[in-house]
Amino acid sequence: MIITHLQPSGRHVVPQGPPSPRELIGVGSAIAGLIAGGMLLGWFADTQAGTTPAFVLAGLAVGIGTACFYAYVKFKSFLKD
């Protein structure tokens, strides 16, 4: 369980520290799911449109981009300035 603190602005802040193994497994699973989900949606679009790898590659690119953004947002508090 993560304990947060409420700032005067109303935002919840998690204290600085390294991520737990459970958080790392969750982030890794989410990244794998985002990439695989993009590929699966691309594959489905390819089968419906009758194209070969066009939508799979587009879905892979979107999945990788989304996964990178997700990882950045999740680990933003752990990055040093």
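The values are calculated or read from the model by the stated rules, or taken from the named source; none is laboratory data. Just so you know, these numbers come straight off a predicted model, no measurement behind them. Quick reminder, even Gly has a Cβ in these numbers, built from the backbone with ideal geometry, and neighbours come from all protein chains shown. What goes into the accessible areas is simple: the full protein's heavy atoms, side chains included, and nothing from ligands, DNA or RNA. Shrake-Rupley method; radii C 1.70, N 1.55, O 1.52, S 1.80 Å.
Annotations
- Near pairs, Cβ below 6 angstrom, 6+ apart or cross-chain, from region 23-39 (more than 22 Å from LEU57 (Cβ to Cβ)) to any residue that is part of a helix (DSSP H, G or I): VAL27/LYS74
- For region 26-81, a tally of residues being over 14 Å from the mean Cα position of the chain (by Cα) and either polar (S, T, N, Q) or not in a loop (DSSP other than H, G, I, E, B) (or both) returns 21.
- Any hit, region 54-75, residues being at pLDDT below 90 and in contact with a helix residue (DSSP H, G or I) (Cβ under 9 Å, 6 or more places away or on another chain): yes
- Pick from region 29-52, criterion of a type outside the set (Val, Ile, Thr) and within 14 Å of GLY65 (Cα to Cα), ranking: most open to solvent (accessible area, probe 1.4 Å): MET39
- Neighbours by Cβ (under 6 Å, 6+ apart or cross-chain): first from region 50-78, charged (D, E, K, R); second surrounded by 12 or more Cβ atoms within 10 Å (Cβ to Cβ) and assigned to a helix (DSSP H, G or I): LYS74/VAL27
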